[in-house]
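Throughout, read-outs are computed from the coordinates displayed, never taken from laboratory work. Keep in mind the model is a prediction, meaning the values are calculated, not measured. Every residue, glycine among them, receives a Cβ derived from its backbone with ideal geometry; neighbour counts consider all protein chains shown.
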Amino acid sequence: MPGSVVGAGVRRLGEKLVSCRRLRTVRKVLGRIAIDTRPLKVPAFRRLWLSTVVTAVGSQLTAVAVPKQVFDLTGSSGWVGVSAGIALVPLLVFGLYGGAIADVVDRRKLLVVTNTGIAVTSVLLWLQAAFAVDSVWLIILLLCLQQVFFAANAPARSASVARLVPADQLPAASALSSTVMTFGGVFGPMLAGALMPLVGLSTLYLVDAVALTLTIWAVWRLPPLPPLDGTSRRAGLRDVVDGVRYLALQKILLASFLLDVIAMVFGMPRALFPEMAEHTFGDPPGGGLALGWLFAAIPLGAMLCGLVSGWTSRVHRHGVGVVLAVVAWGVAMIGFGLSHALWLAVLFLAVGGAADMISMVFRGSILQAAASDEMRGRMQGVFIVVVAGGPRLADLLHGTTGALVGPGLATALGGVLVVVATVLAVLAIPAIRHYRFQPLAAEPAS
């Protein structure tokens, strides 16, 4: 009897040891792949990051509402593309100038002013929809005005990150920032698809406006972020020209921007989502869940990828990572264009979103590390022009092409162009293949 008791005790002890080892192994694996949250320990970065959480969903409500309202008024995906193409002009102009402003003024103050402007334009969009003005040109005008403020806001927000976190945490900070935006990109469109039949399209604009007012208070509580030399001044044309010259000399930055332009311009079919939701996937004319799923699928894949992005902090071949991610994006868009079942279309879009997340993380860290602080705002301005302007050009290209050959074929052909153009770009600028992440010396956090 005593022997059996001792034997049972030994077996239980052995089982506990095995269980503990398995638990440690699981924790070790999760620690390697789970998103790296070290930057959130920095109070200033945490405040900046949290300021985007509330508005991430709200901004996506407007991103769904604008093309849907234009399509409802005109019945044409071509008009959706035209409206996006016109709104691209202020984004191009003020994106470059907004980046120059972010390099010569206190970035916190610039964030407060521009967030206020974006909130006001959202209120005006709500009023025109609530009172049924039914003017496509008024929607385009308000969208253009909103792009002016956005083009100055985004470079200041992104350029502030490297001032707030240690240099070795830049990839992690990039992943955190991208993940929270894709979180809004997932739930915003889904919420829009669910709310639109219940409360009407105008309410989507209103929710966005309310969320933006909360962001104003959050960025107001950031620490001052003046230029490192402590002197603020007015930005001029010379500052913009200096930024363009600097970019021309930085081949790795030039290549990263070019690859994103290729991915977005040829491979972003969102202008076709309203038509495909209704005509391919059976949504009712007033909008429905298929529209929400199409808009949400790409950010859903990106968000899920972001949650397991911890491994990106240990990768140093960021250039190769960007190339592979862009090719994967193009292949996913080919699959989406050929899909006739909603679940399969959503799956391909989600795969594309995961690839885009990897590209964003590596491109973001390349930009933060390769650009000095006095040029970082201007480089972020170019980055915003590419990131936001590329999809606008894609809306114009896909909207017009889809009207001619059909949305599915237009999307698939765009994916093919992404793959081919990426290969040509890598051959033309080989620096992207050889780049390894080497962060600049850490700058003092504010």
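If the chain between residue 198 and residue 38 were fully stretched, how many nm would it gain, using 0.36 nm times the residue separation less the Cα-Cα distance?
Values: separation 160, 0.36 × 160 = 57.60 nm, distance 4.11 nm.
Net length gain for the segment: 53.5 nm.
Counting other Cβ atoms within 10 Å, keep those with at most 14, restrict to DSSP loop, and tell me which chymotrypsin sites (Phe, Trp or Tyr not before Pro) in region 102-176 are left. Working shown, then result.
Working: sites: 126, 131, 137, 149, 150; in loops: 131.
For chymotrypsin sites (Phe, Trp or Tyr not before Pro) across region 102-176 that sit outside H, G, I, E and B with at most 14 neighbouring Cβ atoms in 10 Å, the list reads 131.
So for the pair residue 221, residue 136, with labels modelled 7 Å out along Cα→Cβ, what separation do we get in nm?
Computed distance between label sites residue 221 and residue 136 equals 4.4 nm.
Under unit Cβ charges (Lys, Arg +1; Asp, Glu -1), what dipole magnitude, rounded to 20 debye, does region 107-211 have relative to its Cα centre? Mind dumping the intermediate values first?
Numbers: 5 positive and 3 negative charges, 89 e Å.
Roughly 420 debye for region 107-211.
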